[in-house]
Amino acid sequence: MTETPEELMATLTAEAAHLPTKTLFQLAWAGLRVRLARSLVTLLSVVLAIAYLSYSGVSNDLVQRLAASKSDEIYTLLRAAGIDVEATAKGSPLDRWLVAMALLTCTVGIANAMLMSVTERFREIGTMKCLGAENGTVVKLFLIESAMIGGAGSLMGIVVGLLICVIAGAAQFGRYSIEYLTFGSVMTYVGFAFVAGVVLCLIGAGYPALVASRMRPVEALRVEE
């Protein structure tokens, strides 16, 4: 039987800082459900950022593989798409900049969403500390919650990014987009995008959660929502 948020908070009061990991996950899940609208907004920002990151990486890798194919038919398709075949085959600096910008966009989007999520909950943190939670427990709880959002959002973003890449590739290059899209390269970018999403969520939530957890309960409770 699933415990209610009130029951979980009672557990927090009774056990103070000595909460098992299972209880922390239950508290994190309860917090996400209570703030469902805000959680969905944060999740959406993660999905969009990771979708852009995974799409950019996979599509750039596909174009480079097509440019290195030495096929006249493929070269014609690349030129029709407005792609500089010679520059792409050598590894265009523009491709690296696109990946860098995708990562920067991902970082800013996720960090901003997680910062807003944590700073809006100073009163909640103050309440938890009044109930006996120590600084480390509060930080750990928020990191678990941000990791849950990062993991779910990254998986959804990867699926969206790959779907867009496959559809756009098929529209531009036909069957060649499937033939030159190797499993190894796709998994490399998928793994990178997933790790990036989770890590950036932890970074985005970690600092403000650390600052908030160090506030005295009376100061945290005075913060206006």
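Summary of computed values
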item	result
Three-way shape call for region 116-225 based on the alpha-carbon gyration tensor, with the a/c threshold at 1.5	prolate
Order of VAL199, VAL190, VAL138, VAL34 - criterion: other Cβ atoms within 10 Å of each residue's Cβ, fewest first	VAL34, VAL199, VAL190, VAL138
ARG121, ARG79, ARG175 arranged by Cβ crowding within 10 Å, fewest neighbours leading	ARG175, ARG79, ARG121
Rounded to whole Hz, the Karplus (6.51, -1.76, 1.60) HN-Hα couplings of region 45-57, x for glycine and proline	5, 5, 4, 5, 5, 6, 4, 5, 5, 5, 4, 4, x
Paramagnetic reach from THR76 (point 7 Å along Cα→Cβ, amide N under 20 Å) across region 176-195	176-180
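Every number in this text was worked out from the coordinates using simple rules, so none of it is lab data. Computed from a predicted structure; not experimentally measured. Cβ: placed from backbone, ideal geometry, glycine included. Neighbour counts: every protein chain shown.
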